[in-house]
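Student: Questions regarding the structure given below will be posed in turn.
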Amino acid sequence: MLRWTGGMVTFDIAVVGNGVLGLSAALEVARRDTGLRIAVVGTPHRDRAATPAAGAMLNCFGEVTQYTTRHPAVAARFALARRALDAWPDWLARLADEAGEAAGGSALRDSHTPGTFVILSARSGRITDENFEAMRSALVEHGEPHEVADPADIPGLAPCPDARPLRALYLQREGTVDARRVLAALEAAAATRGVQFLPATATALVADNGTVRGVRLDDGRTLQAAQVVLAAGSMSGELAATALPPGAVPPMLHGTGLAVLTHRDTPGGVTHAVRTPNRAATCGLHVLPSPGGHYIGATSVITPRAGAGPELGTAHEMLRAACDQIDQQLSAAQVTAWLCGSRPIPLDCFPLLGPSHSLDGLVFATGTYRDGFHCSPVIARYIADVLLDGSTPPDKDLSWFTPERPPVQTMTVPQALDEAVAHCMDAGYEHDLRIPALLGDTHLADGLRQRAEHLYERLPHPIALQPEIIISQLLLPARSPDETQPLTWLSDYLHAARKHYGCLDQAS
Ligand SMILES: Cc1cc2nc3c(=O)[nH]c(=O)nc-3n(C[C@H](O)[C@H](O)[C@H](O)COP(=O)(O)OP(=O)(O)OC[C@H]3O[C@@H](n4cnc5c(N)ncnc54)[C@H](O)[C@@H]3O)c2cc1C
């Protein structure tokens, strides 16, 4: 029973956010130190949460792209995902045991389906080809068990004839688990270890003299804590801004994603995860087996402010692509749930993990974009290390993700523009773009490039943004009829970051 005195309650650690990262971190700390008073703040309906909408694919090599080896920060993210791949079997088994039967321990174990087919669909372009090839090379280089599969042998795959896969890989160790069951198990396991749950929303961090003191809640009360973990997903940016200097942390964007749970009366459909490689403006089309049917995912629309919900157009494209490229019979399946969540996407697309430099006691566990579910066991252990022994420096890989940093730039601005245009064209080819050979596609590509350059010129301190950020913020006028509007927030941030860090130059 919580005791509030004078509108305050005191804990050792307050975790803001009840998604997979907040809960996993709280559980891991409680496992290691049973004497700590730990609170998790978050409403039961999990407004805007990414986790309940996730597939959830446990993919590491399945996420590899041509960029993975091009910059140490991307390689560091890959290293994190590899550690998670090794961690999941034991993490899941222990979690199922701790949750117990009453909280669905067996159902959680049953929801784990190992094995992922990655297909290279004919409906794609150069970038997807290159990402597929990069994935194959990484599998070989790292000795990861895999098979080159004949697309015709993939169980349940039934694409349209003109969208048949050209090539396929089978990743034996990468599979899926039911994200909603993982959340339930995490809550049960954490509660068993004494973690308290506060069904509230944090409105601000409370700090003085360079030290965090707790969080203010939407009911007016204050939760005092010596350490605060910021794990509020895509809403973490707003909370960080209540206590940290402007420009200190890369802004958090919202990656609205829609996925659909389906039921089918007749047996059939894919028996393992089937996905396409990652590309900007998508997280890889995927169809996953789920109880009684399939999960179809997922859209990704990136906006600077929390969006009102998924867009009809991207939802339509995703469902059509799933039926065309993976299983035409999905068109007869019944929708049992529309899942919508917001991916936490820092401007530079790298996670925000570890202690704040400006505010003692504040620890970030967020910004994981599209693979935070998969990486959660490793992130939870790192956050527990930081909370329980603050003197431990992060290893060299994780130091890339220190939350207070100028944005990580993995390429030059001209390269970033080239990449964004190439990704945009790839998206077009996936969605039926056909340009007569007589005209060629260079005019379209040139037009996109000019548009991006024109808008880039108006940024005060141009930095190399990732292709998906350029596409979503600069190349898609339909979402921003007033062309100056999407740049305002970015310009404001770049001014503030330049003032805070002095210089934003990185890649050359
Ligand atoms: C459609 C979709 C599919 C995805 N598929 C995959 C996948 O297959 N594999 C994978 O690894 N990842 C996937 N992801 C990404 C993954 O879901 C995220 O990286 C991960 O779940 C992020 O977890 P989190 O705990 O940081 O954030 P969230 O899950 O967003 O949780 C944050 C929680 O904090 C709460 N909160 C927000 N503000 C406050 C506040 N002020 N006070 C208190 N609580 C607050 C929210 O309500 C929420 O419950 C997917 C994401 C989406 C949207």
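Student: Report yes if some residue within the stretch 311-330 is out of contact with any Pro (no Cβ under 6 Å at 6 or more places or on another chain), part of a loop (DSSP other than H, G, I, E, B) and small (Gly, Ala, Ser); otherwise report no.
Tutor: No: zero hits.
Student: With respect to ASP153, is the statement that it is surrounded by fewer than 17 Cβ atoms within 10 Å (Cβ to Cβ), of a type in the set (Asp, Glu) and free of Cβ contacts under 8 Å to residues at least 12 places away in the same chain true?
Tutor: In short, yes.
Student: Moving on. Checking ASP348 against (1) in contact (Cβ under 8 Å) with a residue 60 or more places away in the chain; (2) more than 16 Å from the ligand (Cβ to nearest atom); (3) charged (D, E, K, R): exactly one of these is not met. Which one?
Tutor: Every condition holds for ASP348 apart from (2).
Student: So, one more: Looking at the stretch 432-452, I want the residues that are of a type in the set (Gly, Ala, Ser) and have a partner that is at pLDDT 85 or above and assigned to a helix (DSSP H, G or I) with Cβ atoms under 7 Å, at least 6 apart or on another chain. Which pairs are those?
Tutor: Qualifying pairs under 7 Å: ALA445/VAL421; ALA445/MET425; ALA452/LEU417; ALA452/ALA420; ALA452/VAL421; ALA452/ILE470.
Student: Could you go through the stretch 67-85 and let me know if any residue there is outside any helix (DSSP H, G or I), in contact with a strand residue (DSSP E or B) (Cβ under 9 Å, 6 or more places away or on another chain) and not β-branched (Val, Ile, Thr).
Tutor: No, every residue in the stretch 67-85 fails to be outside any helix (DSSP H, G or I), in contact with a strand residue (DSSP E or B) (Cβ under 9 Å, 6 or more places away or on another chain) and not β-branched (Val, Ile, Thr).
Student: Please specify each residue of the stretch 215-226 satisfying the condition of being part of a strand (DSSP E or B) and within 13 Å of the ligand (Cβ to nearest atom).
Tutor: VAL215, ARG216, LEU217, LEU223
To keep it simple, each residue is scored yes or no on (1) of a type in the set (Asp, Glu); (2) in contact (Cβ under 8 Å) with a residue 40 or more places away in the chain; (3) over 30 Å from ASP162 (Cβ atoms).
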position	(1), (2), (3)
VAL20	no, yes, yes
LEU36	no, no, yes
TYR67	no, yes, no
PRO72	no, yes, yes
LEU85	no, yes, yes
HIS112	no, yes, yes
LEU120	no, yes, no
GLU133	yes, yes, no
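Student: I need the helices (runs of 4 or more DSSP H) fully contained in the stretch 354-464, keeping only those with at least 1 residues that are aromatic (Phe, Trp, Tyr) and at pLDDT 90 or above.
Tutor: Of the helices (runs of 4 or more DSSP H) lying wholly inside the stretch 354-464, those with at least 1 residues that are aromatic (Phe, Trp, Tyr) and at pLDDT 90 or above span 372-388.
Student: Here are the criteria: (1) charged (D, E, K, R); (2) near the ligand (Cβ under 8 Å from one of its atoms); (3) modelled with pLDDT of 95 or more. Tell me which single one ARG83 does not satisfy.
Tutor: Failing condition for ARG83: (2).
Student: Between a residue in the stretch 394-414 that is under 18 Å from ILE345 (Cα atoms) and any residue that is part of a loop (DSSP other than H, G, I, E, B) and of a type in the set (Lys, Arg), which pairs come within a Cβ distance under 9 Å, given they are 6 or more apart or on different chains?
Tutor: Listed by first residue and then by second, the contacts come to THR410/ARG70.
Student: Checking ALA93 against (1) within 15 Å of the ligand (Cβ to nearest atom); (2) aliphatic (A, V, I, L, M); (3) modelled with pLDDT of 95 or more, which single condition isn't satisfied?
Tutor: (1)
Student: So the check is Cβ under 8 Å with 6+ separation or different chains; which pairs have a first residue in the stretch 227-238 that's farther than 9 Å from GLY22 by Cβ and near the ligand (Cβ under 7 Å from one of its atoms) and a second one that's hydrophobic (A, V, I, L, M, F, W, C) and at pLDDT below 95?
Tutor: Matching pairs, first to second residue: SER234/ALA306; MET235/ALA306.
Student: Could you say which residue among GLN466, GLN415 is within 23 Å of THR65 (Cβ to Cβ) and within 20 Å of the chain's Cα centre (by Cα)?
Tutor: The match here is GLN466.
Student: Which residue, of LEU330, LEU353, LEU312, is more than 10 Å from the ligand (Cβ to nearest atom), over 20 Å from ALA54 (Cα atoms) and either surrounded by 21 or more Cβ atoms within 10 Å (Cβ to Cβ) or in the same structural domain as ILE154 (by TED's automatic domain parsing) (or both)?
Tutor: LEU353
Student: Let me ask something else about it. Restricting the search to the stretch 186-202, which residues are more than 10 Å from GLU98 (Cβ to Cβ) and among the β-branched types (Val, Ile, Thr)?
Tutor: Correct list: VAL195, THR201.
Student: From the list LEU186, LEU223, pick out the single residue that is under 30 Å from GLY309 (Cα atoms), of a type in the set (A, V, I, L, M, F, W, C), buried (at least 21 other Cβ atoms within 10 Å of the Cβ) and in the same structural domain as ALA39 (by TED's automatic domain parsing).
Tutor: Selected residue: LEU186, the only one of LEU186, LEU223 that is under 30 Å from GLY309 (Cα atoms), of a type in the set (A, V, I, L, M, F, W, C), buried (at least 21 other Cβ atoms within 10 Å of the Cβ) and in the same structural domain as ALA39 (by TED's automatic domain parsing).
Student: To continue, here is another question. Answer yes if at least one residue in the stretch 266-275 is closer than 30 Å to PRO304 by Cβ, within 10 Å of the ligand (Cβ to nearest atom) and more than 18 Å from the chain's Cα centre (by Cα), and no otherwise.
Tutor: Taking every residue of the stretch 266-275 in turn, none turns out to be closer than 30 Å to PRO304 by Cβ, within 10 Å of the ligand (Cβ to nearest atom) and more than 18 Å from the chain's Cα centre (by Cα).
Student: Among the residues of the stretch 164-181, is there at least one that is surrounded by fewer than 20 Cβ atoms within 10 Å (Cβ to Cβ) and without any contact (Cβ under 8 Å) to a residue 12 or more places away in the chain?
Tutor: Looking through the stretch 164-181, none of the residues is surrounded by fewer than 20 Cβ atoms within 10 Å (Cβ to Cβ) and without any contact (Cβ under 8 Å) to a residue 12 or more places away in the chain.
Student: If you check VAL9 against the conditions, is it within 16 Å of the ligand (Cβ to nearest atom), farther than 27 Å from CYS340 by Cα, modelled with pLDDT under 95 and out of contact with any Pro (no Cβ under 7 Å at 6 or more places or on another chain)?
Tutor: Spelling it out, VAL9 is indeed within 16 Å of the ligand (Cβ to nearest atom), farther than 27 Å from CYS340 by Cα, modelled with pLDDT under 95 and out of contact with any Pro (no Cβ under 7 Å at 6 or more places or on another chain).
Student: Now for a different question. Restricting attention to the stretch 363-414, which residues are surrounded by 21 or more Cβ atoms within 10 Å (Cβ to Cβ), acidic (Asp, Glu) and away from the ligand (no atom under 14 Å from the Cβ)?
Tutor: GLU404 - this is the single residue of the stretch 363-414 that is surrounded by 21 or more Cβ atoms within 10 Å (Cβ to Cβ), acidic (Asp, Glu) and away from the ligand (no atom under 14 Å from the Cβ).
Student: When you scan the stretch 242-264, do you find a residue that is touching a residue at least 24 places away in the same chain (Cβ under 8 Å) and assigned to a helix (DSSP H, G or I), even just one?
Tutor: no
Student: Now a separate question. Every residue in the stretch 239-254 that is within 11 Å of the ligand (Cβ to nearest atom) and more than 19 Å from the chain's Cα centre (by Cα), please.
Tutor: Of everything in the stretch 239-254, just one residue is within 11 Å of the ligand (Cβ to nearest atom) and more than 19 Å from the chain's Cα centre (by Cα), namely THR242.
Student: Among the residues of the stretch 16-65, which ones are in a helix (DSSP H, G or I), within 10 Å of the ligand (Cβ to nearest atom) and in contact with a strand residue (DSSP E or B) (Cβ under 8 Å, 6 or more places away or on another chain)?
Tutor: Across the stretch 16-65, the qualifying residues are LEU21, GLY22, LEU23, ALA25, THR51, PRO52, ALA53, GLY62.
The values are calculated or read from the model by the stated rules, or taken from the named source; none is laboratory data. Since the model is a prediction, treat every value here as computed from it, not as a measurement. So basically every Cβ, Gly included, is an ideal-geometry build from the backbone, and we count neighbours across all protein chains shown.
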